[in-house]
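For reference, the structure discussed in these notes is given below.
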């Protein structure tokens, strides 16, 4: 009986040893094998899920420029020429850009110095705020970009040049025409901003220092000024081709066809306008040379009167030394070949001061103006400009 009690006590106090466990040496107490981590669910550490890269967001930028002009014009015998000397707000631009990655962009720009009037030769236009650009742009490839919205039509080099980067205060005369108070108000041959779509690429990237090309193809509502809708059911077509040799030479040709409707219901008149452009820009260190020719023919479909042809051109050069730039430009415009009294030309001399490391420019210009209708309208202009 005592033997059975001893056997039971030995069995209850003994530690089992499995065949695959190593025996302790020197009588050291045995350490139990660790339990698997899955033995106690919820108390073991789990691997952290992989963090996904954040989705790209839009980077928004705000900029613009302010340009103020002081102007003095000769007083002509015509009452609305040269009688409003003083200051004018040339531009008060606000630009908002948004970019998502490298291939998706949008731009919105507003102008606070638009000049509005009720008719031609109004000696005192009213300031207004209006839309300039509003478009989105997407790069399908490095050779193809789509732009949709309101933008500068790919035609006139003078108009395509950014305002704050101009060598002269105003665009060339064949592009802008003649402003009110500076002479008999005349439209230029530019086509303005238009609503539509454009496939383009400023440069295709064949070479940075050698030959390269750029192009633009656009379909728009045509020259509808500030109309929200098209003036008819046809669209205008534009094409522009640029050739480059590094940053030294830029040669461009462009053309458009626009079916326009003018007048008010029920008296609407159809016109067909065809335009062509050729221009050259040469940059030699601090010397820049530029030339442009614009040609336009208008067919009066409804009235059947004779077609009109318009022609204009300019040539200019500028040279920068230290913080100064000296420039000269000659411009000529014949807005209607059926009349012999409307040709205008201008000789303009300019000197500009561009302070180093500051986004400022100050310019002084003198213009000798000549019109077939003899008038006194030579002028002096001064500009103060800041970019931000």
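Taken together, the values in this text are just the output of simple stated rules run on the coordinates, not laboratory data. Keep in mind it's a predicted model, so treat the numbers as computed, not measured. All Cβ positions, even for glycine, are placed from backbone atoms using ideal geometry, and neighbour counts span all protein chains on display.
Can you order the peptides 167-175, 104-112 by their average number of other Cβ atoms within 10 Å per residue, highest first? Show your work: numbers first, answer last.
Details: 167-175: 24.3, 104-112: 17.3.
Those peptides, ordered most packed to least, come out 167-175, 104-112.
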Given 208-221, 255-268, the highest-first ranking by average Cβ count within 10 Å works out to 208-221, 255-268
Most fluctuating of 245, 322, 332 in the GNM of the chain (C-alpha, under 10 Å) is 322
Under 1.5 on a/c is rounded, so check that first for segment 147-280, then, if it is not, pick prolate when a/b is larger than b/c and oblate when it is not; a ≥ b ≥ c are the square roots of the alpha carbon gyration tensor eigenvalues.
oblate
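Run the numbers on the chain and let me know its relative contact order in percent, using alpha-carbon pairs under 8 Å that are six or more apart.
On the way: 907 pairs, mean separation 46.5, N = 388.
Relative contact order of the chain: 12 percent.
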Starting from the 7 Å offset along Cα-to-Cβ, what nm value, one decimal, do you get for the label separation of residue 247 and residue 293?
3.0 nm
Angle in degrees between helix 2-13 and the longest Cα principal axis of the chain, rounded to the nearest 10
10 degrees
Cα-based radius of gyration of the chain once divided by 2.2 N^0.38 Å, which approximates compact folds:
1.73
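May I ask you to derive the relative contact order of segment 132-201, considering only C-alpha pairs under 8 Å and at least 6 residues apart, and to give it as an integer percent?
Details: 104 pairs, mean separation 26.6, N = 70.
Answer for segment 132-201 is 38 percent.
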Specify the inter-centroid distance of segment 329-372 and segment 171-228, based on alpha-carbon positions, in whole Å.
19 Å
Spin-label model distance (nm) - residue 58 vs residue 286, 7 Å beyond Cα toward Cβ:
4.3 nm
Arranged from highest to lowest average of other beta-carbon atoms within 10 Å per residue, in what order do the peptides 148-156, 312-320, 123-131 appear?
148-156, 312-320, 123-131
